[in-house]
C-alpha cells in the first residue's frame, strides 16, 4: 500500500482493455452515474466533500472525459476546423496563433493535416464530418472555384489563409506577397545588384502574387527580369533544384530572390556545397521569416509575414460571419516587413 510518505506515483486502476467510464467512477465512489456527471460537468447540486471524492476517484482510476461524445451532445458546435500542412514551416506558426485567439472566444481548435498521401479536400471533408462551426484552410491546394463550391455546400463560414482574392463565397486572410518580394528586390538594388534572378515555384498558392512583386520592382528600375520556373513543391528541394540550375549557367547572378524561406534554404545549402559564398558571391532572399530563416547557419534576409496577425485575422473572420450569418466575406491583407540578415551584401566585383 502507498503510504503518505511515499514518493511512488499512484498507478491508475486497470479496467481491463477498455478505458475507464463515468460508471466506473460512480461505482468507485458509491454514488449514481448522474451525480458523477453533474460533478464532472461543473454543475451545482453536490456537496464539496462529494465533489472531492468524485474527482479523487476519477484521477485514481484514470478516467478522462470523452470529448467527442460531449461535442456531439452540444446543441451548437464550438469547434473551428483548421486545415494545415505540417511540412510547410509557416503554417504551424499560424496554427499556434489560432489556438489562443479561438480559446478567448470559447472555441476549440480541431486540426486536420494535408500530407503527401492526403489531399486538402480529404482533410476538409474530415473537418466537416466533426461538425465544425467554421473552417480555416491554411495554404489550401484547392482552387478558388473548388473552395467556393465547398463553402456553398458546407453552409458554414470558410476562411482561406495565405492566398486568394475577395469573393462572394469565403473570406481571405493573406499577406501582401507582392509588396514583400518587391521590398527584397529594392533592398538588393540599393546594395548595387542589377543581375537578380527570381525562383518561381508555381505550385505555391500565392506564387503569382509574389512573382508580380518581383517583375514590377525590376521594371521600376528598368532592369531585365530572369525567372527560373518550377512546377514541384515549394520546400527545400525546389530551392536545391534551382541552385543546381544556376550552377549550370555560364556565370552566376549576383542575387537570387525566392518566394519562400524553405526554398531559399535549399538553394543556399546547394550553392555552399559547391563553394559559392553567400553573400560574397551571391546574395539570397526569401519570404516568410520562418524558423529556417532564423537558423544561424542560414541567417536569411527575408520578408516577414506576421503569423500572429494571420492567425488572429482568420479567427476574427470566422467569428464575424458566425455572429452575423448575413455578413459578406471579406479580404484581409497583412503588410509584410523586410528583415535584413547576413545572406545579402554588395555584389561581387
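Remark: relative contact order (the range 105-177) = 22 percent; criterion is Cα-Cα distance under 8 angstrom and separation of 6 or more residues.
Values of log10 I(q)/I(0) for the range 36-178 across q = 0.14, 0.15 Å⁻¹ run -0.74, -0.80, by the Debye formula with one identical scatterer at each alpha carbon and no solvent.
Please compute the contact order of the range 168-265 in relative form: average sequence separation of alpha-carbon pairs under 8 Å and at least six residues apart, divided by the residue count, as a percent.
36
If R0 equals 41 Å, the separation of the Cβ atoms of residue 191 and residue 115 corresponds to a calculated FRET efficiency of about 0.55. Between residue 309 and residue 168, the distance separating the two model label sites (each 7 Å from Cα on the Cα→Cβ line) works out to 3.1 nm. Summed over all non-identical Cα pairs, the Kirkwood treatment of the range 222-295 gives a radius of 12.4 Å.
Relative to the compact-globule scaling 2.2 N^0.38 Å, provide the ratio for the alpha-carbon radius of gyration of the range 177-306.
0.93
Among 236, 49, the ranking by other beta carbons within 10 Å of each residue's beta carbon, starting with the fewest, stands as 49, 236. Once divided by 2.2 N^0.38 Å, the Cα radius of gyration of the chain becomes 1.29.
Students often get this wrong: which residues of the range 88-124 have the backbone nitrogen under 19 Å from the point 7 angstrom along Cα-to-C-beta of residue 327? Backbone N within reach: 98-109. For a paramagnetic label modelled on residue 105 (point 7 Å from Cα along Cα→Cβ), amide N atoms under 19 Å away belong, within the range 173-191, to 173-175. Computed from the C-beta positions of residue 21 and residue 48, the FRET efficiency with R₀ = 30 Å rounds to 0.75.
Using Cα-Cα distances under 8 Å and only pairs 6 or more residues apart, what relative contact order does the chain have, in percent? Computed over the chain, the figure is 16 percent. For the chain, modelled as a GNM whose springs connect Cα atoms under 10 angstrom apart, the maximal fluctuation among 254, 326, 202 occurs at 326.
Since every read-out is calculated from the coordinates, none of them should be taken as a lab result. None of the values given here were measured: they were computed from a predicted structure. As a convention, Cβ positions derive from the backbone with ideal geometry for all residues, glycine included, and neighbour counts pool all protein chains shown.
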